[in-house]
Amino acid sequence: MENNGSVQRESWGSKIGFIFAAAGSAIGLGNIWRFPYLAGENGGAAFIFVYLLAVLFIGLSVMLAEFAIGRAGGLDAIGSFKKLAPGTPWWITGALGVFSAFVILSFYGVVGGWTIAYTFKSVSTPLTNLTMESFVNFITNPLQPILWQVVFMALTIIIVILGIQGGIEKWSKVLMPVIFIILLLLIIRGVTLPGSSAGLKFLLNPDFSKINGSVILSALGQAFFSLSLGMGTMITYGSYLSKKENLPSSALTVASLDTLIAILAGFAIFPALFAVGMDPAGGAGLVFATLPSVFDKMPLGALFAAIFFILLCFAALTSSISILECVVAYLKDQLGWSRKNAAIVVGTLITLIGVACSLSNGLWSDFTIVFPGKGALNLMDFLGALTDFLLSVGGLLICLFVAYVWKFNKANAEVTNNGQFTGVWVPIWNFIVKIVAPIVIGFVILNGLGIIG
Ligand code: PFF
């Protein structure tokens, strides 16, 4: 197929291919690394309970809104807004998304590189040596993490060059089931260790007194990041969908798979963690510094550790390709670039920003930037904080756009395929997009900036 959007625009080869690709975008470091670590810090089951509500009541609706905008517009994130609201400044929402892609992928690529490095380290280094100290030594090294980051970004660029059906769809179809199987293996390994039941209790017995404003806010922020919302990724992926596809059922499937994998990651990590008597609130070091010592106490530990980090790398890769695709689709659709040139130029630029990110953990750690509500941060943490902010603003604008600019007579026709798939969920979706989501997301933004506490 000609890879130039102006000739014949690409599309998904099958419904299942789209579901795997969208789920692949959603499922990433956010599920397997960040979700368990936030759950660990925020009371386990109580956090999970609030997270599920956030996905159900906000995330799912924003995802459906993004699919609808993308399919109705039939273009990249910026082009779709221009098509649906010509002559208005709403395309800025898409532009903000393209900007967010640069921000997210520059640090995401660094962590992606760590996952490849740790795959090799878990077989080449005794697991007892993979401590917090060795993790810090590794990420502060001026060269090593950058080399791995370049490898990770090169893989991302290659898959995006291969295109929608040949690259993204094909790889997601292979990698997603592999991830599922590996997680199941890890769960079986973890729950059969003596002492693992405390971890199951931690995941299943909510202590509702632990729920407070900050738990609710981190659950909602995590829902956005994990579901790949607010950036135009799901608008872009929706634009490759056929008019026949059932959008609400696709959104439900993708959100459910994403949530399932996050929960499975919790079950893969906490029972094993409790079995070896470690602290569930281990924070950012949970995966890279704490888990190797958990694996060390298992038979065949090095093998399981390597499998785990390959899994993390695969999950990160199917997400990073969706982030790069968001920018590539814009350059292709709006500026007529070829897919190959767009992927190489943008991928290289993002890799260079990522190099600065990586160096900000060591050599350049003295250079800090103040983020409102968060204080002085190194470049990597700054971009992380900026991500939460940008995705929330993007999500808010998407809801406002659908409710007040595009309007529900057209949006509802798109999400129901002109009334073909309708039901009581339609007015509920409208109410959420118009009232509930803007208020809740607005609260998250103001809180994130430290304006309200
Ligand atoms: N959802 C991905 C994760 O959970 O790791 C990260 C992500 C991908 C965020 C794509 C935003 C995005 F547009």
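Can you confirm whether Ala262 is more than 9 Å from the ligand (Cβ to nearest atom), closer than 29 Å to Ser80 by Cβ and open to solvent by less than 10 Å² (accessible area, probe 1.4 Å)? Taking the combined requirement at face value, the residue does not satisfy it.
The set of residues in the stretch 11-36 being more than 13 Å from Leu312 (Cβ to Cβ) and either of a type in the set (Phe, Trp, Tyr) or surrounded by fewer than 22 Cβ atoms within 10 Å (Cβ to Cβ) (or both) consists of Ser11, Trp12, Gly13, Ser14, Lys15, Ile16, Gly17, Phe18, Ile19, Phe20.
Being more than 16 Å from the ligand (Cβ to nearest atom), touching a Gly at 6+ places or on another chain (Cβ under 9 Å) and of a type outside the set (A, V, I, L, M) is the filter here; which residues of the stretch 383-416 pass it?
Step one: list which residues in the stretch 383-416 are more than 16 Å from the ligand (Cβ to nearest atom), which gives 399-416.
Now restrict to residues that are touching a Gly at 6+ places or on another chain (Cβ under 9 Å): 412-413, 416.
Result: Asn412, Thr416.
Out of Ile344, Ile323, Ile353, one residue alone is closer than 14 Å to Ile159 by Cα and surrounded by fewer than 20 Cβ atoms within 10 Å (Cβ to Cβ). It is Ile344. Within the stretch 418-453, the set of residues being among the aromatic types (Phe, Trp, Tyr), part of a helix (DSSP H, G or I) and more than 19 Å from Gly395 (Cβ to Cβ) comprises Trp425 only. Kindly provide the set of residues from the stretch 59-76 that are among the acidic types (Asp, Glu) and under 17 Å from the mean Cα position of the chain (by Cα), ordered by number. Scanning the stretch 59-76 gives a single hit, Glu66. Scanning the stretch 174-219 for residues that are open to solvent by 20 Å² or more (accessible area, probe 1.4 Å), modelled with pLDDT of 85 or more, not polar (S, T, N, Q) and not in a loop (DSSP other than H, G, I, E, B) yields a total of 10. Scanning the stretch 326-341 for residues that are among the hydrophobic types (A, V, I, L, M, F, W, C) and buried (at least 18 other Cβ atoms within 10 Å of the Cβ), we see that the one that is farthest from Gly79 (Cα to Cα) is Trp337. Would a scan of the stretch 347-357 turn up a residue that is farther than 18 Å from Gly109 by Cβ and assigned to a helix (DSSP H, G or I)? No, the stretch 347-357 has no match at all.
This table checks each residue for (1) within 16 Å of the chain's Cα centre (by Cα); (2) within 16 Å of the ligand (Cβ to nearest atom); (3) at pLDDT 85 or above.
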{"residue": "Gly40", "(1), (2), (3)": "no, no, yes"}
{"residue": "Ala54", "(1), (2), (3)": "yes, yes, yes"}
{"residue": "Phe57", "(1), (2), (3)": "no, no, yes"}
{"residue": "Ile78", "(1), (2), (3)": "no, yes, yes"}
{"residue": "Pro86", "(1), (2), (3)": "no, no, yes"}
{"residue": "Val98", "(1), (2), (3)": "yes, yes, yes"}
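Consider the stretch 282-320 and keep the residues that are open to solvent by 30 Å² or more (accessible area, probe 1.4 Å) and assigned to a helix (DSSP H, G or I). The one that is nearest to the ligand (Cβ to nearest atom) is Phe314. Of all residues in the stretch 151-173, those being in contact with an Asp or Glu (Cβ under 8 Å, 6 or more places away or on another chain) and surrounded by 23 or more Cβ atoms within 10 Å (Cβ to Cβ) number 3.
Between a residue in the stretch 95-117 that is open to solvent by less than 10 Å² (accessible area, probe 1.4 Å) and any residue that is of a type in the set (Phe, Trp, Tyr) and in a helix (DSSP H, G or I), which pairs come within a Cβ distance under 8 Å, given they are 6 or more apart or on different chains? Listed pairs, sorted by first residue: Gly109/Phe152; Gly112/Phe152; Gly113/Trp148; Gly113/Phe152; Thr115/Phe152; Thr115/Phe309; Ala117/Phe138; Ala117/Trp148. For Phe274, the test of being among the aromatic types (Phe, Trp, Tyr), within 22 Å of Thr115 (Cβ to Cβ) and not in a loop (DSSP other than H, G, I, E, B) is failed.
For the stretch 220-243, the tally of residues that are surrounded by 24 or more Cβ atoms within 10 Å (Cβ to Cβ), of a type in the set (Gly, Ala, Ser) and not in a loop (DSSP other than H, G, I, E, B) stands at 4. Annotation: Ile452 fulfils all but one of (1) closer than 24 Å to Thr236 by Cα; (2) open to solvent by 50 Å² or more (accessible area, probe 1.4 Å); the unmet one is (1). Take Asn361 and tell me if it is free of Cβ contacts under 8 Å to residues at least 12 places away in the same chain and either surrounded by 15 or more Cβ atoms within 10 Å (Cβ to Cβ) or assigned to a helix (DSSP H, G or I) (or both). No, not satisfied. Taking Lys374 as the residue in question, decide whether it is open to solvent by 50 Å² or more (accessible area, probe 1.4 Å), away from the ligand (no atom under 13 Å from the Cβ) and more than 20 Å from Arg9 (Cα to Cα). Yes. On the stretch given as the stretch 37-87, residues that are buried (at least 21 other Cβ atoms within 10 Å of the Cβ) and at positive phi total 2.
The values are calculated or read from the model by the stated rules, or taken from the named source; none is laboratory data. Not measured: the values here are computed from a predicted model. Note that each Cβ is placed from the backbone with ideal geometry, even for glycine, and that neighbours are counted across all protein chains shown. Quick note on the areas: whole protein, heavy atoms, side chains included, nothing else; ligands and nucleic acids left out. Shrake-Rupley method; radii C 1.70, N 1.55, O 1.52, S 1.80 Å.
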